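The values are calculated or read from the model by the stated rules, or taken from the named source; none is laboratory data. Since the structure is predicted, the reported quantities are computational estimates derived from the model, not experimental observations. Counting neighbours? That spans all protein chains shown, and the Cβs are built from the backbone with ideal geometry, glycine included.
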Amino acid sequence: MATTPGARLIRPLLRGLGCFAAALALAVAAYLLAGWIGSSVPRNGDWREPARGDVVVGVETNGVHTALVLPLVTPEKDWRRDFPITDIKRPDRPYTHVSISWGERAIFLDTPTWWDLSPRTVLRIATVGGEGLAHIGYYVRPATSTDLRPIRLRAVEYRRLVAAIEAGLRVQRPLVAHPGYGATDVFYDAGGTYTVLNTCNQWTSDRLAEAGIRTGWWTPMQGGVMKWAPRPKGSRGLALPPFSPARGAVAGQ
């Protein structure tokens, strides 16, 4: 049977699409493998968590994105001075902790669920990158879990972590705020360019590394960050009782 002109055109097209799909799958697999290898190489490999730390921080994940959870007020830092609680819809609650992370603007603001992530956004991030945005959330006595893992720090390490976050966010002044996902979080314009190499999870591990804490070298995915924070044994309060600036000492819960 003679081959029609249409069939002669379709066959090379299908072969081309097949080659493209195979190349894309190979690129994704190579990226995932490189991320696993890169996140397994330690930075600050000699660091050990103190048996009795001065400050307890948390590393949290939603399964894709990681953040640092810090006491809202300590002798070293009052985060309310950087991020006014009045910028959220429910500023009246007795917040004890703040969640700080960095990510890509369009993903944060225009992608309420992962099903809403457009191919155009993915292609732009993969090729030229995207604008950075800070995500700030507030918690009342958060409990540890598999998704929120505590790390005890010495006071000097926490001061370094604070300095690393301040330098890494580069939040614009005056603050440019955007509504958060709910009543207890907010987004702010921030510096930096989000790329497949410099992801939200890389931002988290970079801050930990700059504070001298052991973490992975290249951590594009959340698992590369979380595997350096041991799972807690049971659920308990994240931190020591919060510092009370009015009393100049630790306040009871």
Practice problem: All but one of (1) part of a loop (DSSP other than H, G, I, E, B); (2) at pLDDT below 95 hold for Trp36, so report the exception by its number. | Solution: (1)
Exercise. Give the stretch 93-124 a look and list any residue that's aromatic (Phe, Trp, Tyr) and over 14 Å from Ile136 (Cα atoms), or say none.
Key: Trp114, Trp115
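Give me a count of the residues in the stretch 113-129 that are in a loop (DSSP other than H, G, I, E, B) and under 24 Å from Gln172 (Cα atoms).
The initial filter retains those residues of the stretch 113-129 that are in a loop (DSSP other than H, G, I, E, B), namely 113, 117-118, 128-129.
Those still in the list that are under 24 Å from Gln172 (Cα atoms) too: 128-129.
Of the residues in that region, 2 qualify.
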Quiz item: Among the residues of the stretch 108-127, is there at least one that is among the charged types (D, E, K, R) and within 27 Å of Pro150 (Cα to Cα)?
Solution: no
Exercise. With the condition kept exactly as written, say whether any residue in the stretch 164-172 is closer than 19 Å to Gln202 by Cβ, of a type in the set (Gly, Ala, Ser), surrounded by 20 or more Cβ atoms within 10 Å (Cβ to Cβ) and at pLDDT 95 or above.
Key: no
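Please go through the stretch 43-76 and pick out each residue that is charged (D, E, K, R), part of a strand (DSSP E or B) and surrounded by fewer than 23 Cβ atoms within 10 Å (Cβ to Cβ). Talk me through it step by step, then tell me what you get.
So the first thing to find is which residues in the stretch 43-76 are charged (D, E, K, R), and the list is 43, 46, 48-49, 52, 54, 60, 76.
Subset that is part of a strand (DSSP E or B): 43, 60.
Of everything in the stretch 43-76, just one residue is charged (D, E, K, R), part of a strand (DSSP E or B) and surrounded by fewer than 23 Cβ atoms within 10 Å (Cβ to Cβ), namely Arg43.
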Quiz prompt | Single unsatisfied condition, Gly132 versus (1) over 20 Å from the mean Cα position of the chain (by Cα); (2) touching a residue at least 40 places away in the same chain (Cβ under 8 Å); (3) surrounded by 13 or more Cβ atoms within 10 Å (Cβ to Cβ) | solution = (1)
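Would a scan of the stretch 125-138 turn up a residue that is within 16 Å of Val196 (Cβ to Cβ) and in contact with a Gly (Cβ under 6 Å, 6 or more places away or on another chain)?
Taking the stretch 125-138 first, the residues within 16 Å of Val196 (Cβ to Cβ) are 125-132.
Those left that are additionally in contact with a Gly (Cβ under 6 Å, 6 or more places away or on another chain): 132.
Yes - at least one qualifying residue is present in the stretch 125-138.
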Exercise. Among the residues of the stretch 149-194, write down those that are more than 15 Å from the chain's Cα centre (by Cα), among the acidic types (Asp, Glu) and assigned to a strand (DSSP E or B).
Key: Asp189
Self-check item: Pairs where the first residue, in the stretch 80-109, is at pLDDT 95 or above and the second is among the basic types (Lys, Arg), C-beta under 6 Å, 6+ apart
Solution: Thr96/Arg141
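Would you check if there is a residue in the stretch 7-29 being modelled with pLDDT of 80 or more, surrounded by 10 or more Cβ atoms within 10 Å (Cβ to Cβ) and assigned to a helix (DSSP H, G or I)? Lay out the reasoning, then the answer.
From the stretch 7-29, those modelled with pLDDT of 80 or more are 29; that's our starting set.
Right, trim to surrounded by 10 or more Cβ atoms within 10 Å (Cβ to Cβ) and you get 29.
Filter again for assigned to a helix (DSSP H, G or I), leaving 29.
Yes, some residue in the stretch 7-29 is modelled with pLDDT of 80 or more, surrounded by 10 or more Cβ atoms within 10 Å (Cβ to Cβ) and assigned to a helix (DSSP H, G or I).
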Self-check item: Subset tally (residues that are surrounded by fewer than 19 Cβ atoms within 10 Å (Cβ to Cβ) and assigned to a loop (DSSP other than H, G, I, E, B)) for the stretch 88-109
Solution: 6
Exercise. Report the residue count in the stretch 229-248 for those that are surrounded by fewer than 23 Cβ atoms within 10 Å (Cβ to Cβ), touching a strand residue (DSSP E or B) at 6+ places or on another chain (Cβ under 9 Å) and either closer than 11 Å to Val59 by Cα or modelled with pLDDT of 65 or more (or both).
Key: 7
